[in-house]
Amino acid sequence: MLGFVPPLPQQPGRPPSSGHMIVCGDDALARRLAVELRFIYGERVTLLLPPGRDAGGPETPLTQQGRAAALFGRMSAAMNRAGNANGAAGSGDTNAGVEAVRIMEAPEPSDDVLEEAGIDRAAALALVYDDDERNIRAALTARRLNPRLRLVIRLYNRKLGQHLEELLDQAAAVAMPGIDPALLDASTTVLSDADTAAPALAATALTGSSKIIQAEGLLLRAAERPPPRAGENADPGLCTLALLSSTTNDPAGAEGSDSSGDEAPLLLPDEHTVAAATGRGTVVLEAISRADPDRPATRMGGRGAPLAQVFSRRLRWSALGVALSALALVIASLLTTEDTALHSTYLTLLDILGMNDPAEDAPPARQVIQILSGVAGLLLLPLLIAGVLEAFGTLRTASSLRRPPRGLSGHVVLLGLGKIGTRVLVRLRELDIPVVVVEEDPDARGIPLARSMHVPTVIGDVTQEGVLEAAKIRRAHALLALTSIDTTNLEATLYARSVKPDLRVALRLYDDEFATAVYRTLRTAHPQALTRSRSVSHLAAPAFAVAMMGRQILGAVPVERKVMLFAALEVAGHPQLEGHTVEQAFRSGAWRVLAIDTTPPADRNPDLAALPPYAPEGGGDTVPPPSGLVWDLHPGYVLRAQDRVVIAATRRGLAELLRRQRSAASRR
């Protein structure tokens with residue numbers, strides 16, 4: 001393989017270099033993270049894998065080391081091609097002089113294993129096992145062995161992650177009295193690959209493919225725009241973030257990636273490039289809106305057992321008819337007698353319930369009304385019995401899953417309720433998008449959530465005949481195939497397209513080359529339908545890598561098969577930002593300053609991605625405090641050392657910023 005240096009096997013006599021990084025994991029995310037750190041940031045990396053095959057990986061005869069070696073080989077070749085293409089621009093080779101990833105195999109990241117990996121001299125450790133408990137145990141061990149270590153931990157449980165982050169930061173503060181608060185804040189980061197990838201996956205089910213990034217309670221929406229028609233000018237929104245690949249509108253074209261050459265999407269282009277790129281779609285920063293801090297996930301049927309679910313429609317119409325009959329009898333009593341409205345209502349209800357004496361001495365009109373009231377009472381008795389029976393039946397089945405309603409249409413069919421599918425389900429319901437879930441395992445992680453949210457669910461193997469029909473696939477708007485098995489996702493997609501050729505589809509696929517081939521074939525067969533192939537590890541790895549470098553990542557936005565990062569940076573120490581204007585700091589194809597945090601440094605929220613506290617005013621509803629982020633930047637604004645900025649950057653651009661910062665710090 002071109003440019004591939006074979007990964008070094010475990011060598012007890014060869015200790016790792018000081019300041020290197022360690023990645024521990026058991027699936028694709030660990031391997032991709034090692035690739036990201038090695039080939040994008042140029043870091044020395046030790047990758048710790050469990051021995052043997054990875055059951056969750058693709059069906060290949062490769063061992064863990066063999067699969068990692070193949071991935072490193074492909075990435076090395078791609079990076080070398082990209083480096084040669086950019087050589088004229090003077091951007092140095094990030095990989096120059098850096099050895100290949102050191103691979104170790106061990107069942108558990110125990111004390112001895114971590115010590116052999118060089119934990120005492122490591123700058124950062126990533127624990128990305130697919131098991132929260134294993135990651136927590138290893139994090140506690142690592143913090144004890146090296147209090148100065150920067151920890152990046154993969155956890156699905158968000159609340160537990162917050163508590164763990166506080167605990168490990170406190171342990172670091174006790175072990176190192178007087179540590180810089182800024183360093184302490186970056187010492188432990190808890191991330192979830194499911195939370196990182198879910199917005200991008202959910203966005204594929206929406207028209208316009210919007211991507212949402214959150215910063216200090218503000219929502220930034222990046223949206224795809226189609227190419228303008230002849231004589232029209234493209235709407236740049238607040239700013240143009242990317243140009244889509246030139247093959248976007250080609251039915252046989254593939255999604256662009258780093259190795260697509262001139263046809264690849266262009267991230268962060270300048271105005272002249274945008275103006276010259278005719279016939280290409282764009283990704284623009286479309287709008288900024290206020291986030292809702294306390295908005296719960298929308299339930300398709302509400303909380304508990306609402307009226308529409310306890311009683312059938314026929315029973316509700318019958319009850320309405322009886323009520324209208326009673327009202328008509330009350331009105332007739334008022335018109336034919338001189339009684340008051342309250343007394344007439346009282347007598348009519350007594351007659352309906354059969355609790356009044358016969359009106360023998362009353363006028364004929366009163367006697368007729370009493371007879372009609374008795375008839376209405378006879379109708380009421382079976383109605384009450386039916387209501388009681390339906391209520392008992394609803395209570396018995398309250399814990400069961402809902403079936404898709406008969407008239408449902410325009411919904412999203414979601415395949416798989418594992419970690420990723422569950423997070424995507426929550427995201428779709430927050431956006432009020434109707435969903436039907438298909439899951440083979442009745443004990444899957446997301447089944448209790450689907451039950452509590454009253455989401456229609458079909459239990460069955462999606463590859464079996466009739467399962468997708470039960471999910472109303474013919475009337476669906478989109479299909480999200482998010483199971484952990486590539487062949488299952490592909491088979492479901494092909495069948496769904498056979499019954500509805502224009503169906504919007506997004507597949508979760510492990511292998512990039514396989515995903516590209518699938519995408520090209522589906523686009524050729526169904527050119528009018530939107531198709532997207534996504535890899536969760538491909539979306540999540542850049543965010544984990546930025547956290548390993550001690551920087552805060554606000555989000556990762558996929559642009560076809562490339563990834564654009566949104567990050568928060570302190571201007572101090574960055575020679576390409578500090579002292580430059582916003583216009584001068586812009587580097588086409590690398591990074592762009594989007595916003596400046598005007599909050600005084602002492603009052604800043606260290607986590608821009610978190611919602612700020614919402615305090616009530618005068619005992620009324622909670623209101624958001626004003627955000628310190630300024631987005632309408634003047635090109636001539638000079639960036640100062642005390643400023644904190646939000647930037648959009650490519651992976652290589654962010655790596656260059658950090659590399660220049662370290663170089664400037666070493667010279668000082």
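In table form, for the structure just shown:
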item: Residue pairs meeting the criteria (Cβ under 8 Å; at least 6 apart or on separate chains; first farther than 23 Å from residue 131 by Cβ, in the stretch 442-455; second surrounded by fewer than 13 Cβ atoms within 10 Å (Cβ to Cβ) and of a type in the set (Gly, Ala, Ser)); result: 451/399; 451/400
item: Filtered residues of the stretch 424-438 (kept if open to solvent by 10 Å² or more (accessible area, probe 1.4 Å) and under 16 Å from residue 401 (Cα atoms)); result: 434
item: Residue 505 vs. criteria in contact with a strand residue (DSSP E or B) (Cβ under 7 Å, 6 or more places away or on another chain) and β-branched (Val, Ile, Thr); result: yes
item: Extreme residue, modelled with the lowest pLDDT, among residues of the stretch 1-24 that are touching an Asp or Glu at 6+ places or on another chain (Cβ under 8 Å) and under 20 Å from residue 544 (Cβ atoms); result: 20
item: Residues that are over 19 Å from the mean Cα position of the chain (by Cα) and either part of a strand (DSSP E or B) or of a type in the set (A, V, I, L, M, F, W, C) (or both), drawn from the stretch 468-487; result: 468, 470, 471, 473, 476, 485
item: Helices (runs of 4 or more DSSP H) wholly inside the stretch 497-594 that include at least 3 residues being open to solvent by less than 10 Å² (accessible area, probe 1.4 Å), under 30 Å from residue 190 (Cα atoms) and modelled with pLDDT of 80 or more; result: 536-548
item: Residue 461 being in a loop (DSSP other than H, G, I, E, B) and either under 30 Å from residue 266 (Cβ atoms) or β-branched (Val, Ile, Thr) (or both); result: no
item: Candidate set from the stretch 117-137 (those that are assigned to a helix (DSSP H, G or I) and more than 13 Å from residue 190 (Cβ to Cβ)); member that is least open to solvent (accessible area, probe 1.4 Å); result: 119
item: Some residue of the stretch 601-612 being closer than 27 Å to residue 155 by Cα, part of a strand (DSSP E or B), at pLDDT below 80 and not basic (Lys, Arg); result: no
item: Of all residues in the stretch 439-457 being surrounded by fewer than 22 Cβ atoms within 10 Å (Cβ to Cβ) and acidic (Asp, Glu), the one that is farthest from residue 485 (Cα to Cα); result: 443
item: Looking only at the stretch 141-161, and only at residues there that are open to solvent by 80 Å² or more (accessible area, probe 1.4 Å) and modelled with pLDDT of 85 or more, the one that is nearest to residue 570 (Cα to Cα); result: 148
item: When residues of the stretch 37-51 are limited to those that are of a type in the set (A, V, I, L, M) and assigned to a helix (DSSP H, G or I), the one farthest from residue 138 (Cα to Cα); result: 40
item: Residue check for residue 418: under 22 Å from residue 203 (Cβ atoms) and open to solvent by 30 Å² or more (accessible area, probe 1.4 Å); result: yes
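The values are calculated or read from the model by the stated rules, or taken from the named source; none is laboratory data. Source: prediction; values computed, not measured. Note that we place each Cβ from the backbone using ideal geometry, even for glycine, and neighbour counts take in every protein chain shown. Only protein heavy atoms, including side chains, enter the accessible area calculation; ligands, DNA and RNA are left aside. Shrake-Rupley method; radii C 1.70, N 1.55, O 1.52, S 1.80 Å.
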